[in-house]
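A short worksheet on the structure shown next.
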Amino acid sequence: MTHHLFTRRRTLTALTGAAAATALGACAQPSASAPPSGASPTGAPPTPSTEPDLSADDPALDARARALIRIGEDGIARENQAALEAFFAPGFRFHGPDGATIDRRQLWDYFASCRRAFDDFHVTRQAIHSTGGPFVAARTTFSGIFARRFDASPIGPLEPTGRRAMYRINNIFRYDDNGQLIEEWAQYDSRLFLETLGVRLVAAPA
């Protein structure tokens with residue numbers, strides 16, 4: 001049990017950044033009452049991306065870009081374990097916004113937390129820059145209906161709101177000589193994600 005809690009904390013720290021997680025935890029609390037459907041606690045709706053989602057069937061994209069789209073749609077969102085193991089190298093490392101690092105199993109645990117919490121869960125790509133070399137850049141969106149308890153938020157477990165939650169990620173991926181993903185760097189807005197999860201952000205005490 002202790003190891004499980006440590007692993008989860010370590011995963012959350014890497015995904016949110018240590019400094020960001022501390023700051024958000026000091027100024028965030030679940031909303032006392034849910035805002036109207038489709039609206040965030042601050043009054044601004046969590047609008048979907050204005051960019052269309054890329055398709056893995058688009059012949060204009062190279063093979064690496066199409067594989068990146070498929071792993072989001074199938075491996076991550078639909079829990080295709082065989083696809084995950086083929087795509088992510090055994091030595092894979094994920095680097096969060098503040099530089100904390102986790103391995104592929106810890107990242108997969110985070111994906112599993114998302115699948116448990118969100119109905120209609122999707123992982124889509126809105127842009128991919130791939131030139132055939134070892135590095136690929138992408139814009140990614142995670143989204144779903146917050147239907148069950150979410151154990152992997154930046155501030156700990158949260159109860160469902162029944163509303164759509166989402167966050168958008170800027171990714172840089174590095175592939176190894178075997179064509180497997182060996183490293184990822186990610187930047188995203190944890191505060192916006194918390195707002196779509198129904199968290200009301202308040203000023204931290206002086």
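Quick notes
- Among the criteria (1) at pLDDT 95 or above; (2) among the β-branched types (Val, Ile, Thr); (3) out of contact with any Gly (no Cβ under 9 Å at 6 or more places or on another chain), the one THR140 does not fulfil is (3).
- Condition check for ASP109: charged (D, E, K, R), at positive phi and modelled with pLDDT of 95 or more: no
- Filter pass, ALA165 being small (Gly, Ala, Ser), in a loop (DSSP other than H, G, I, E, B) and in contact with a helix residue (DSSP H, G or I) (Cβ under 7 Å, 6 or more places away or on another chain): no
- Cross-chain or 6+ apart pairs with Cβ under 9 Å, the stretch 153-168 first and over 30 Å from ALA137 (Cβ atoms), then among the charged types (D, E, K, R) and assigned to a loop (DSSP other than H, G, I, E, B): PRO157/ARG149; PRO157/ASP151; LEU158/ARG149; LEU158/ASP151; GLU159/ARG148; GLU159/ARG149; PRO160/ARG148; PRO160/ARG149
- Selection status of HIS122, surrounded by 14 or more Cβ atoms within 10 Å (Cβ to Cβ), closer than 22 Å to VAL199 by Cα and modelled with pLDDT of 95 or more: yes
- Residue in the stretch 171-186 that is farther than 15 Å from HIS95 by Cα, in a strand (DSSP E or B) and within 14 Å of the chain's Cα centre (by Cα) present: no
- Some residue of the stretch 96-110 being closer than 25 Å to ASP53 by Cα, over 15 Å from the mean Cα position of the chain (by Cα) and crowded, with 16+ Cβ neighbours inside 10 Å: no
The values are calculated or read from the model by the stated rules, or taken from the named source; none is laboratory data. Bear in mind the structure is a predicted one, so any value in this text is a computation, not a measurement. Every residue, glycine among them, receives a Cβ derived from its backbone with ideal geometry; neighbour counts consider all protein chains shown.
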